[in-house]
1. Mind listing just one residue for me: the one in the stretch 124-169 that is acidic (Asp, Glu) and surrounded by 11 or more Cβ atoms within 10 Å (Cβ to Cβ) and, of those, farthest from Thr205 (Cα to Cα)?
2. Could you go through the stretch 201-211 and let me know if any residue there is within 19 Å of Thr117 (Cα to Cα) and either among the polar types (S, T, N, Q) or in contact with a helix residue (DSSP H, G or I) (Cβ under 7 Å, 6 or more places away or on another chain) (or both).
3. Restricting to the stretch 170-190, and then to whatever is in contact with a Phe, Trp or Tyr (Cβ under 8 Å, 6 or more places away or on another chain) and surrounded by fewer than 14 Cβ atoms within 10 Å (Cβ to Cβ), can you tell me which residue is modelled with the highest pLDDT?
4. Going by the conditions given, is Leu5 out of contact with any strand residue (DSSP E or B) (no Cβ under 7 Å at 6 or more places or on another chain), at negative phi and crowded, with 16+ Cβ neighbours inside 10 Å?
5. Can you work out which of the residues in the stretch 339-369 that are among the hydrophobic types (A, V, I, L, M, F, W, C) and not in a helix (DSSP H, G or I) is nearest to Asn399 (Cα to Cα)?
6. Considering only the stretch 75-134, state which residues are among the polar types (S, T, N, Q) and not in a loop (DSSP other than H, G, I, E, B).
7. May I ask you to say which residue of Ser143, Ser155, Ser115, Ser108 is within 17 Å of Asp236 (Cβ to Cβ), out of contact with any helix residue (DSSP H, G or I) (no Cβ under 6 Å at 6 or more places or on another chain) and assigned by TED's automatic domain parsing to the domain that holds Cys197?
Amino acid sequence: MTKKLYWEDATVSSFKSNILSIEPYEIDPSKFVVVMEETAFYPEGGGQPWDEGTIGSSAVVYVYEENDTIYHVVEKAPTETKGVDCQIDWERRLDLMQQHLGQHILSSVFEKLFSATTVGFHLSNEYVTIDVTKDSLTYGEASLIESEANAVVFSSLKVFTHFPNDEELKKLPLRKPPSVTEGIRIVEVEGYDFSPCGGVHPLQTGSVGQIKIRKWEKMKGHIRVEFVCGGRALKDAAWKNRQINEISNLLSIKDVETKEFVEKLVADSRKLEKTLRTYRRELMDYQIKELHASAEIHKDCSLVVKVFDGEDFKTLQSMASSLNQYPNTVALLATKTDKAQVVFTRSKDLDINMNQLFKEVIELVDGRGGGNPQTAQGGGSNLSNLDGLMTAAVMKIKNEYLK
């Protein structure tokens, strides 16, 4: 059993310990697993990531616990085994402690204000989420929750840990029941919250700095709330402040006017897009009429042949769908973009297998695709031979399909 120094004092960032064993790491034999008599390295568990740092000159990259023994995965085997100097990456540890205690406080506030229980918790290197038993969450409710949570933070309440016996445990107002039956550890936020937890936390709530709810969404019948605390909240505010200032400067408006101004821009943009779609449709209708009017007549059939430069393939498909509504019409359309793309189609009154025609010529552009007897489409990489493909298709239509 490894002695857990982090349970005795979560602020310990450096310590000395004796190494009991050094073994190759089974998952990655290039690394080693170190077991020590005592450790301040927190192992992965309880939703909290592991500590990093050094054992001697060996970098600790992962820490886990099995059967009360804590295993430290290191990059290289330590050269000393007695009284080895160990150092915790304190910036990482403090960040994780801020997030974890912030979660306790936020979960407690949800419980107190809305009787919403926390049923899920995830602490990553970037953000924290909790899943709460609430059907919905409004901005007003989120603001109220955030204000109450930060009031707890700013009160600098002390944080205690308890290892109660059965009788003592029954008297505690636990926010949730323990998940274990032995060695139960309770983390108390001075008279405000009592929660079973094996993680590490600051010694008082003021160290959390600030709790900021970032966003929320419905998730499997619950609400998933994403938030950040402490240094993460400061960084979150910094980049948002920078961006809002850059946007307001770009638009030559006050920062407080940004939302309303952007909403107007979006509304105007949507109106313009709608108008542009209308004009594009009218233009395409005109193009289709012009294409059909100028088509070559062969054997009483209108033969529409057009190669576009840079036209969108969806537009090409739409034009083909309109052209095949004309009677006695064959349309061979192509566009040159980053590759050669073609659409062959014909009106329903013609007995021509456009898919067969397509298959006969598509290899000229090293392409592939297919369709049905009325319409076939596809593309290829050989742009330089697209004109040759179209010429071959026209010749086949005239000489083989419209005899």
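The values are calculated or read from the model by the stated rules, or taken from the named source; none is laboratory data. Worth saying up front: this structure is predicted, and the values here are computed from it rather than measured. All Cβ positions, even for glycine, are placed from backbone atoms using ideal geometry, and neighbour counts span all protein chains on display.
1. Residue satisfying both the conditions and the ranking: Glu168.
2. The answer is yes; a qualifying residue exists.
3. Filtering first and then ranking leaves Pro173.
4. It is false that Leu5 is out of contact with any strand residue (DSSP E or B) (no Cβ under 7 Å at 6 or more places or on another chain), at negative phi and crowded, with 16+ Cβ neighbours inside 10 Å.
5. As a first pass, look at the stretch 339-369 and keep what is among the hydrophobic types (A, V, I, L, M, F, W, C): 340, 342-344, 350, 352, 354, 357-358, 361-362, 364-365.
Then keep just the ones that are not in a helix (DSSP H, G or I); that gives 340, 342-344, 350, 352.
Numbers: Ala340: 24, Val342: 21, Val343: 20, Phe344: 17, Leu350: 16, Ile352: 13 Å.
Taking the candidates together, the pick is Ile352.
6. If the condition is that a residue be among the polar types (S, T, N, Q) and not in a loop (DSSP other than H, G, I, E, B), then Gln87, Gln98, Gln99, Gln103, Ser107, Ser108, Thr118, Thr129 are the ones that fit.
7. Ser143
Conditions (1) of a type in the set (Ser, Thr, Tyr); (2) in contact with a strand residue (DSSP E or B) (Cβ under 9 Å, 6 or more places away or on another chain); (3) in a loop (DSSP other than H, G, I, E, B); (4) over 21 Å from Val109 (Cα atoms), marked per residue:
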{"residue": "Thr161", "(1), (2), (3), (4)": "yes, yes, no, no"}
{"residue": "Arg175", "(1), (2), (3), (4)": "no, yes, yes, no"}
{"residue": "Pro178", "(1), (2), (3), (4)": "no, yes, yes, no"}
{"residue": "Phe194", "(1), (2), (3), (4)": "no, yes, no, no"}
